[in-house]
Amino acid sequence: MKSIVSLFLALCASLAGAQTSGHDDPNLIPQPAHLQGLPGKFVLSEKAVLLAAPAFTNEAALLRRQLQTVTGLPLPVLTEAGVAGHTIALLQAPTGNTGPEAYSLEVTSNQVTLRAAEPAGMFRATQTLLQLLPAKVLNTNSPGGTRWELPGVRIDDAPRFEWRGLMLDCSRTFQSVEYLKQTLDRMALYKLNVLHLHLTDDQGWRLEIKKYPDLARKAGFFPAKYHEPASTQGFYTQQQMRELVAYAAARHILIVPEIEMPGHSLALLSVMPQLACTAGPFEFFPYSKGPGITEDVLCAGKEETFDFLRDVLEEVTAIFPSPFVHIGGDEVPRARWQHCPLCQQRMKQEGLKTEAELQSWFNRQIERMLAAKGRRVIGWDEILEGGISSTTVVMGWRGVSYALAAAQSGHDVVMTPNSHCYFDYTYGAIDSARVFSFDPLAGLPPEAARHVLGVQASFWSHIDREPELVDRQLFPRLLALAERGWSPDNRGNWSDYRRRAQANLSRLEKLGIHYEPLDLLGPVGEWTLGSLAGGVTNLEFDVTAQITGSGEHEVTAAYVRGRHPAHLHAVELLRGTEVVARDQHESLVGWQTPRQTYRLRVPPAGAGGSYRLRLTLDLAGGTNSFGKVYVTKPATK
Ligand SMILES: [Zn+2]
């Protein structure tokens, strides 16, 4: 009897498995619009061939190169059908969805079929295919001994938004071309499609301009007295940027250049002081060595300023085919304009009543230059002040309300609110769960919603500068942004997302990404303004779920925000009322030392029992302090 029951159960299990390989969840990110498990598996073997429509030669070549690298299989590419057997077919055909990035993908036991109308859609399909294979497919060499299986599946997919971006600030900290290429590969895997490069700011001019050869050569390097490391200095030659644009285009990623104006221009003014309202000289300095914003901006009264910008934009548009050119426009102090005779004369002559109107007049000059080249202006949301033309795209950063106001007034907007999308903020402030909870269309009537082009993560590199640290700020939360930009609104399903994201950590490791390991765990507790009244306080959190057995556990106290650091004296673990583990040492948790780790050796216990964690801390310097507490068990090595 027992054997019949188990046979029956085994049969049920195999049937269930056969019907829904979906149970073997492929853990795709972003989640496709429609996904259905199919019976069977496709095994990549010696017999496999690639069949590629002529329009998809590039996409087939990139896919083949990656598959060959890891499998060592011949994978010949054919351009005509009629080959029997094991085919991965890249077909040009309409799919159930419209738009250039729409695709479908079907895996059965003897054929993999990718369909798209356009190369962008086919490229996205190939990235889904890579995610269906084991994480080792992202290796840079053949791991050997791997069975390369694709689960049976049918996917119909298209993005929710056309703009799914990442901004890297290459001005504050120069990032190598290698790192940018790596970033493009990582973006491609998760279907992000805009890399916005912040190329100029107070702390550096990073793009070669042929007509002004001194500019990048001087303003790409800090004065020697600051002893800045060589790795954070430099500029991009036009040739390098052209290669990067081509590298991105092959992955159907748009590079949007940003040339800041009229503010955030100190590095430029240090080389060309004649473009300022006052005489100079100007010296630029690393972010940590002075005010974040300086009053010296480009003079709006001088013709020279516009001649210079025309020359620069001429070269910029020749390098970057992007239909959008970002002109910054944020955080512009107008004090110099108030006292500059030329700026005041310009205002009189143009009938402008305020300096805010002068900035909007400035923007319109630039807009006209770019429109003549068929390009659209995009700027930070301050460009709304003083009025802008309806074709200008607004990048909303100061919070969702600014972006909403822009969309409601008929401007196309890209959402990168600092409440959810600023990835230089700590994980305590913005973790994956928070990014995942963001709906760019929340509260928008349909006529305004159609103006939302999409979402973007923005990373300002004035604090975390080494590539490893930038990685950690971006990952894994960038995956949550990728999902928000591509997938249908599924915010209610955080636990499903978290499971898929955790499964993706092995992919991030294969890509060599130094991601933040605490992000997806969630904190066991937190302290906020006022929860520490002053004096020495004990905070206690239930950690029964986190103490999974005896042995070493790590407690991390992480800074979230606030002016005052918390002074941590000790961390103890209690079973019932008994202290069973303790790490007593002094530390400060604040913006300068954002995380402190304490180690607890949990003794073997009898069954049952609950655990509480006790932190002894005080806020001697003030109560404006926010932090989160995490418990982890270090991986056994
Ligand atoms: Zn002026």
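Read-outs: derived from the displayed coordinates by stated rules, not from any lab. None of these values were measured; they are calculated from a predicted model. Counting neighbours? That spans all protein chains shown, and the Cβs are built from the backbone with ideal geometry, glycine included.
Here are a few things to note about the model shown:
- Highest mean first, the peptides 104-116, 569-581 sorted by other C-beta atoms within 10 Å per residue fall in the order 104-116, 569-581.
- Expected 222 nm ellipticity per residue - DSSP helices of 4 or more, -39500 (n - 2.57), all of the chain, to 500: -9000 deg cm²/dmol
- In this label model, Q238 and S45 are separated by 5.5 nm, measuring between points 7 Å along each Cα→Cβ vector.
- Of the beta bridges in the chain, as assigned by DSSP with both residues counted there, near 60 percent are antiparallel.
- Kirkwood hydrodynamic radius (C-alpha pairs) into Stokes-Einstein, the chain, 4 °C and 1.567 mPa s, D in µm²/s: 48 µm²/s
- Out-of-range pairs (alpha-carbon distance over 26 Å; input K211/K348; K348/K373; K41/K136; K225/K302; K211/K302): K211/K348; K348/K373; K225/K302
- Extent along principal axes [Cα atoms of the range 131-254; Å; largest to smallest]: 60, 35, 23
- The mean sequence distance of close C-alpha pairs (under 8 Å, at least 6 residues apart), as a share of the length of the chain, puts its relative contact order at 11 percent.
- Kirkwood-based Rg to Rh ratio, the range 394-498, C-alpha trace: 0.98
- Theoretical FRET efficiency, 1/(1+(r/R0)^6), r = Cβ-Cβ of Y247 and A503, R0 30 Å, to 0.05: 0.60
- Centroid-to-centroid separation of the range 131-175 and the range 414-473 [C-alpha atoms, Å]: 20 Å
- Peptide packing for 372-379, 143-150 was compared via the average number of neighbouring C-beta atoms within 10 Å per residue; ordered from the highest value, the list is 372-379, 143-150.
- Our estimate of slack between K289 and T616, defined as 0.36 nm per intervening residue step minus the Cα-Cα distance, is 114.2 nm.
- Projecting the Cα atoms of G280, V589, A449 onto the dipole axis of the chain, where Lys and Arg carry +1 and Asp and Glu carry -1 at the beta carbon, places V589 farthest toward the positive end.
- By average C-beta atoms within 10 angstrom, highest first, the peptides 624-632, 593-601: 624-632, 593-601
- Along each principal axis, Cα extent of the range 525-632, largest first, Å: 43, 22, 21
- Cα pair distances exceeding 16 angstrom across the range 503-542, given as percent: 57 percent
- Residues listed by number, the range 164-192, amide nitrogen under 16 Å from T146 label point at 7 Å toward C-beta: 189
- Simple label model, 7 Å out from Cα along Cβ direction - K225 to F306, nm: 3.8 nm
- Note on K211 and R398: the model spin-label points, each 7 Å out from Cα along the C-beta direction, lie 3.2 nm apart.
- Beta bridges assigned by DSSP with both partners in the range 163-510 are antiparallel in approximately 10 percent of cases.
- Using the Cβ-Cβ distance between H339 and A279 with R0 set to 22 Å, the FRET efficiency from 1/(1 + (r/R0)^6) comes to roughly 0.95.
- Residues of the range 570-593 with amide N under 11 Å of a point placed 7 Å along Cα→Cβ from E540: 574-579
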